[in-house]
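Every number here is computed from the coordinates shown, using simple stated rules; none is lab data. Please read these numbers as outputs of a predicted model, since none were measured by experiment. Every residue, glycine among them, receives a Cβ derived from its backbone with ideal geometry; neighbour counts consider all protein chains shown.
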Amino acid sequence: METFLEKLMDLLTRVSELYAIPQWAVNAGAVTIFCILVAFPFLVRHLLQPKYYRFRELILFKVLWRWKYKKDDVVGLWCYCPKCQAMLMVDDENCRSNESLQNKITYFICNECGGNELGRVVGGDRRYALSLVKREIWRHIKEGSFNEISSATKEALKIYQGIEASKEETTNSTTLHVKIDEPKTSEEEDVKKDGI
Ligand SMILES: [Zn+2]
């Protein structure tokens, strides 16, 4: 490695002397060329990526769906809580015992937000739900509406998290209120004691 660097520096010095260019300019040029060569494959890969690769989030059935792309396929599709971003639990146990499609329901549950149902899909199990979401993703890609959906999703998530933030604020103020109330009770007790 050292010998390579020595050879390189020697070459750069010779270039500098040969063309009467300042040494620093030759070195800077060499560094620039090196950076371009390293970055080039990444840049090409990025430019060749389909535009829809940026479309990786969608709100459907009241929950957030996220995925990635591998070549021309949607991979790693799963649902997340639009409020706290945690991975959701999917409950489709009832789909095995129920014969009627109307009774087959897949529930989306966030354990982080108290284990409540956030949304549901009627008509099938988790595989059915995932296939519906995939179909919706490809529909937006084919119709070219994925950019609008992406920005709409970002806005919706802000609102979801805004609601969550204001809820926390109210909880905090309630806690403060309770704390403010506490001394009063002891004062009252004191008054009672004094009375006795
Ligand atoms: Zn949650």
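Only counting other Cβ atoms within 10 Å, I'd like Trp78, Trp24 sorted with the fewest neighbours first. Working shown, then result.
Details: Trp78 15, Trp24 9.
Ascending Cβ contact count within 10 Å gives the list Trp24, Trp78.
Among the listed pairs Lys68/Lys158; Lys62/Lys158; Lys71/Lys158; Lys62/Lys142, a Cα-Cα separation exceeding 19 Å is found for Lys68/Lys158; Lys71/Lys158; Lys62/Lys142.
Plainly put, the range 2-48 has a radius of gyration that is 1.15 times its Kirkwood radius, both from alpha-carbon atoms, as the Rg/Rh ratio. Neighbour counts of other Cβ atoms within 10 Å put Lys158, Lys134 in the fewest-to-most order Lys158, Lys134.
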